[in-house]
Structures are given as C-alpha cells and as structure tokens.
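Quick notes on the structure that follows.
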C-alpha cells in the first residue's frame, strides 16, 4: 500500500458479513448493513502528549477490530474501499495479529 496514515489514525478494511442467517435465510445485498468489524492495514506513528513525546498506538496492522457504525472516513485506494479513522473510534480488538512464537 502506498498510503501511510499520520498521527493516531489507522487504515481499516471492512470485513464481509455472513450472507446467511443461522436459520439459513439468505440476506440480499440491499438489506445488508455495513459491517462494523474490520482488519487494520496500516497505523500511524502515534499522537503527541503534552510533553511533545509520541505515544504509540495500542493497535497494529493485522488486528481485527470493532468500530462504530458511522466511524471513519471512507476512501477508495487502489480499487479497495477503506476507512481512515482515529484510534479513539475503535471500540476493541477481537483478534490480534499473528505473532511469532519464540523458541524456548
């Protein structure tokens, strides 16, 4: 990706929701709501505190996160529909990025 967010902003790709209900009913595209779960693609370096020091973000690329229904700004980059939002718009992390396990 040729885009780097600034400060405490992150770039998120929405994850597709299920097209069937638990009972097997297929949901048409016109009835679907935009998903509120996504994967972080890129993060900024962090915001500055009162002392001027950069405070790193708690999320990282690869994390799956939940965010508000109307959070972020929608952009189209390289044909992908993405969201740019502040870290404070993220409600929580559902799955962390895979980390390498150290050999004992």
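A few remarks follow.
- Residue pairs meeting the criteria (Cβ under 7 Å; at least 6 apart or on separate chains; first at positive phi and at pLDDT below 90, in region 50-66; second surrounded by 14 or more Cβ atoms within 10 Å (Cβ to Cβ) and assigned to a loop (DSSP other than H, G, I, E, B)): none
For (1) surrounded by 13 or more Cβ atoms within 10 Å (Cβ to Cβ); (2) modelled with pLDDT under 85; (3) under 16 Å from residue 92 (Cβ atoms); (4) in contact with a strand residue (DSSP E or B) (Cβ under 9 Å, 6 or more places away or on another chain), each residue gets a yes or a no:
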residue	(1), (2), (3), (4)
4	no, no, no, yes
16	no, yes, no, no
25	no, yes, no, no
37	yes, no, yes, yes
46	yes, no, no, yes
70	no, yes, no, no
73	no, no, no, yes
77	yes, no, no, yes
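The values are calculated or read from the model by the stated rules, or taken from the named source; none is laboratory data. Quick caveat, the model's predicted, so the values are computed rather than measured. Backbone-built Cβ (ideal geometry, glycine too); neighbour counts: all protein chains shown.
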